[in-house]
Each structure stands twice: as C-alpha cells, then as structure tokens.
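Reviewing the structure listed below.
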Amino acid sequence: MAQQGDVQLFQTDDDGEIIVENGLVAMSGGLSTAVYLSWFGGNEDDSGGQDESLSWWGNADENEPEKQYRSETQHLLQSIPATSGNLKRVEGAAIRDLEWMLSGNVASSVSVTASIPGLNRIKLVADIKAEGEESRFKFVENWKVAP
C-alpha cells in the first residue's frame with residue numbers, strides 16, 4: 001500500500017507524536033504538518049533572527065530561507081512568560097513562521113489567534129486560505145516558561 005501526503009503530527013505534553021496503525025504511519029493530505037513544523041520544528045533555542053548559529057541542523061543544506069525551519073513561535077514559548085500580555089507577541093511570531101506560505105504562493109491568506117486554555121498552555125489557531133479553500137488548524141502546546 002502506497003502512502004501519500006505528509007506524516008500526520010499531533011502535539012502531546014512532551015512535544016510532537018505520530019500515529020502508527022497496523023504497521024503504517026498515519027498520513028495527512030493538507031497543510032497541517034507544514035503548519036506544525038513551521039511553529040514547532042527546528043531548534044527551540046533559535047529565535048528566528050539573523051544569528052543562524054542556533055539554526056536547526058536540517059537547515060544547513062537549504063539555500064532558500066523561506067524553506068528553512070526557524071520556529072520563532074517555539075522559541076518564544078520557552079523564553080517569555082505565559083501571560084495574556086504576551087499573546088500578541090506569540091501571534092506575531094506564528095504569522096512570521098507561516099509567512100513562507102504567502103511568499104511561496106501556497107496560501108492567499110494566513111491569520112493566527114492565540115489563547116490560554118489552561119495553566120502554562122497555549123492554543124494556536126491558524127486560518128489559512130489556499131486555492132480558494134479555507135482550513136483551520138489548532139494546536140495546544142505547553143508554554144514552558146511560567147509567569
């Protein structure tokens with residue numbers, strides 16, 4: 001049986017996981033994996049700035065910056081306090097992490113909202129319009145720095 005799409009990733013208390021059923025890895029045909037990796041792929045110590053010394057090792061062979069995982073979102077969630085005052089900052093990082101979708105013509109619009117559903121948790125919701133279809137992707141993640 002040929003598998004198509006991307007490996008389906010989902011968030012757990014100790015980061016990303018995959019599903020294996022009957023010896024096969026569950027696959028996803030949409031942009032869910034791309035959104036997940038844009039936010040949580042790469043090195044969490046990489047702030048996404050000009051300093052590439054902390055960049056994820058997989059970026060070393062990628063010459064196109066828009067195809068590199070910098071994951072500013074992931075970095076902020078382990079470096080700034082889990083407060084409602086920081087939600088806009090995280091939303092901005094999440095949008096910047098998805099900017100490649102707009103510049104690469106993968107999507108025509110991208111918006112992100114962030115909320116705090118529980119103690120030291122963050123919920124990120126991306127609404128993406130691609131090829132005329134709108135999709136919504138939700139991830140709940142640990143916010144690793146306590147207020």
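The values are calculated or read from the model by the stated rules, or taken from the named source; none is laboratory data. Source: prediction; values computed, not measured. Cβ sites come from the backbone with ideal geometry, for glycine too, and all protein chains shown count toward neighbours.
Restrict the check to segment 71-87 and report whether at least one residue is small (G, A, S), surrounded by 14 or more Cβ atoms within 10 Å (Cβ to Cβ) and in contact with a Pro (Cβ under 7 Å, 6 or more places away or on another chain). Looking for residues that are small (G, A, S), surrounded by 14 or more Cβ atoms within 10 Å (Cβ to Cβ) and in contact with a Pro (Cβ under 7 Å, 6 or more places away or on another chain), one finds at least one in segment 71-87, hence yes.
Only strands (runs of 3 or more DSSP E) whose full extent lies in segment 65-147 are considered here, and none of them has at least 3 residues that are hydroxyl-bearing (S, T, Y) and either modelled with pLDDT under 95 or within 22 Å of E17 (Cβ to Cβ) (or both). Taken over segment 118-136, the criterion of being more than 20 Å from G92 (Cβ to Cβ) and without any contact (Cβ under 8 Å) to a residue 60 or more places away in the chain is satisfied by G118, L119, N120, E131, G132, E133, E134. Could you grab me the full set of residues in segment 97-125 that are under 21 Å from I80 (Cα atoms) and under 12 Å from the mean Cα position of the chain (by Cα)? Across segment 97-125, the qualifying residues are D97, L98, V112, K123, L124, V125.
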